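*Asks:* The following block contains the structure, expressed as structure tokens.
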Amino acid sequence: MPKKQDIIKLFEKIEIDPSWAFADKTRKDTAYITHGYHRYPAKFIPQIVSRLATKYTKEGDLVVDPFGGCGTTLVESKVMGRPSVGVDINPAAVLMTKAKKTPIEPAKIEEQFLKLKDKINSFDKDTKVKTPSHERIDYWFEPEAKRKLAFLFSKVSKIKDQDVRDFFYCGFSNILKNCSIWLQKSNKPTRDFKKKPADPFVAFSRQVKAMLRGNADFFNLLQEKKCLKTPCNVYCTDARKIPAKSNSVSLIVTSPPYVTSYEYADLHQLTALWFEYTKDLSDFRKRFIGTAYHNKKELVLNSKIAENIKEALLKKHKKTAEEVATYFSEMNQVFEEMKRMLKNGARTCIVIGDTSLKGVEILNAEVFVEQLQNLGFKVDDIIKREIPSKNLPSTRDKITGRFAKATDKKKVLAYPTEYILIMQKI
Ligand SMILES: C[S@@+](CC[C@H](N)C(=O)[O-])C[C@H]1O[C@@H](n2cnc3c(N)ncnc32)[C@H](O)[C@@H]1O
């Protein structure tokens, strides 16, 4: 049994490793090949995945991402000739991943794009369009934008080749926010009545042109590396039920959701609405780990640190305490699934930062290490990295390292940090 205090002390000693900030990388570098197809909250940069996969795997080794998001791990694994499996509970994420991980003969999509452009050019005020009747679509889109989007959607739906169709669906999904009255810079679903939404046809055309370049680069790179056929599969399922055989996986690279931070179900509601992924948002939400939801069943935290966090939160806010306990218990189940899949001696790399809720520090990284140790993993390495951001760095207290008030005299400027926990199955 690891001692709680030992883990806390271990973390206190870890220094920032500047080489993991990839501070020299531009947006062009992090969005190369297909990585820039679609925006996704809290996606990690491909350079993290490739560096880990280079260090811990060889060609042909199976890589898994249980919280696959928009597919960063899968795309990088394919480029490196590592077969991969990714899952995500969010169908919008799975759609993006399918498009991003699938290289398509460039001429094939260009031909289809020309046909779509012809159809767009034939559109006028008399064109008959069957528009969806959903009050949430009317909530977000002005009538003309809705008509044009419905037209585009129906034309893309008629494309027979599934890979080509998914490519255009992904493009369609990524323009929805710009074409709606969703407050542009907000990750929260807020309407902006002053916004001038983009014209769907102009936005779609621009989006597809950028994706065509990404696809061509991806296709050529894979061809050059002889990796076009490397298997790469994504499933819309739960991180606790991964379709990978026991003891078959050489590396897991993942960034889990945070507790009550992003409501992914809400964030992708524009895509979910058009693709009819769900009629009932509240039921959809419950399937996501880390959402504001309390599982009433008996929770197994498997960590003293997590128990302490729960106790501290109970004194401040019962509901948050229950949600955090649910989160840690569900993450423990994900770690059990990781253990099942991994080969002995293989590693799981988890990208996670600590946060705070209701004035209580939520030591995600420390809890995860304790849970994983209790399940039969050992610490191989823990990397602390800064997350370079275009935003101004936050201020931190010089002594405690905690985020400080701007008026605090002891403050120093610091970028937010996160950990990469590298845990080995023993
Ligand atoms: C931080 S994001 C991962 C981002 C990813 N690394 C990328 O680069 O796109 C966490 C993901 O966990 C997914 N998720 C939440 N609950 C899940 C569950 N029960 N099973 C599988 N995935 C889940 C969310 O939909 C979200 O895509």
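*Asks:* Just give me the residues in region 279-325 being away from the ligand (no atom under 16 Å from the Cβ), open to solvent by less than 90 Å² (accessible area, probe 1.4 Å) and not in a helix (DSSP H, G or I), in sequence order.
*Replies:* Asp280, Val300, Leu301, Asn302, Ser303, His317
*Asks:* Taking the conditions exactly as written (more than 12 Å from the ligand (Cβ to nearest atom), more than 28 Å from Thr73 (Cα to Cα), in contact (Cβ under 8 Å) with a residue 12 or more places away in the chain and open to solvent by less than 30 Å² (accessible area, probe 1.4 Å)), does Thr348 satisfy them or not?
*Replies:* So Thr348 fails the test.
*Asks:* Every residue in region 167-220 that is open to solvent by 50 Å² or more (accessible area, probe 1.4 Å), part of a helix (DSSP H, G or I) and of a type in the set (Val, Ile, Thr), please.
*Replies:* Of everything in region 167-220, just one residue is open to solvent by 50 Å² or more (accessible area, probe 1.4 Å), part of a helix (DSSP H, G or I) and of a type in the set (Val, Ile, Thr), namely Val202.
*Asks:* Assess whether Val156 counts as being open to solvent by less than 30 Å² (accessible area, probe 1.4 Å) and farther than 30 Å from Ile181 by Cβ.
*Replies:* Considered against the rule, which asks whether it is open to solvent by less than 30 Å² (accessible area, probe 1.4 Å) and farther than 30 Å from Ile181 by Cβ, Val156 comes out as no.
*Asks:* Continuing with the same structure: Which condition breaks for Phe335 when tested against (1) open to solvent by less than 10 Å² (accessible area, probe 1.4 Å); (2) under 17 Å from Ser255 (Cα atoms); (3) more than 15 Å from the ligand (Cβ to nearest atom)?
*Replies:* Of the numbered conditions (1) open to solvent by less than 10 Å² (accessible area, probe 1.4 Å); (2) under 17 Å from Ser255 (Cα atoms); (3) more than 15 Å from the ligand (Cβ to nearest atom), the odd one out for Phe335 is (3).
*Asks:* What helices (runs of 4 or more DSSP H) completely inside region 89-145 contain at least 3 residues that are surrounded by 14 or more Cβ atoms within 10 Å (Cβ to Cβ) and in contact with a Cys (Cβ under 6 Å, 6 or more places away or on another chain)?
*Replies:* 91-101
*Asks:* Another question, then. Taking the residues in region 230-263 that are hydroxyl-bearing (Ser, Thr, Tyr), open to solvent by less than 60 Å² (accessible area, probe 1.4 Å) and assigned to a loop (DSSP other than H, G, I, E, B) as candidates, determine which candidate is farthest from Arg340 (Cα to Cα).
*Replies:* So the residue we want is Thr260.
*Asks:* Somewhere in region 75-82, is a residue surrounded by fewer than 18 Cβ atoms within 10 Å (Cβ to Cβ) and farther than 17 Å from Cys236 by Cβ?
*Replies:* There is no residue in region 75-82 that is surrounded by fewer than 18 Cβ atoms within 10 Å (Cβ to Cβ) and farther than 17 Å from Cys236 by Cβ.
*Asks:* Given the structure, is Asp266 within 16 Å of the ligand (Cβ to nearest atom), of a type in the set (Asp, Glu), in a loop (DSSP other than H, G, I, E, B) and open to solvent by 10 Å² or more (accessible area, probe 1.4 Å)?
*Replies:* no
Here's the yes/no breakdown for (1) in contact with a Leu (Cβ under 6 Å, 6 or more places away or on another chain); (2) near the ligand (Cβ under 7 Å from one of its atoms); (3) closer than 16 Å to Thr230 by Cβ; (4) of a type in the set (Asp, Glu):
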| residue | (1), (2), (3), (4) |
| --- | --- |
| Phe44 | no, yes, no, no |
| Gln47 | no, no, no, no |
| Arg51 | no, no, no, no |
| Lys55 | no, no, no, no |
| Gly60 | no, no, yes, no |
| Val64 | no, no, yes, no |
| Cys70 | no, yes, no, no |
| Val75 | no, no, yes, no |
| Met80 | no, no, yes, no |
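*Asks:* When you look at Lys25, is it closer than 30 Å to Val369 by Cβ, within 16 Å of the ligand (Cβ to nearest atom) and surrounded by fewer than 17 Cβ atoms within 10 Å (Cβ to Cβ), yes or no?
*Replies:* In short, yes.
The values are calculated or read from the model by the stated rules, or taken from the named source; none is laboratory data. Since this is a predicted model, take the numbers as computed values, not measurements. All Cβ positions, glycine included, derive from the backbone under ideal geometry; neighbour counts span all protein chains shown. Areas reflect the complete protein model, heavy atoms only, side chains present, ligands, DNA and RNA absent. Shrake-Rupley method; radii C 1.70, N 1.55, O 1.52, S 1.80 Å.
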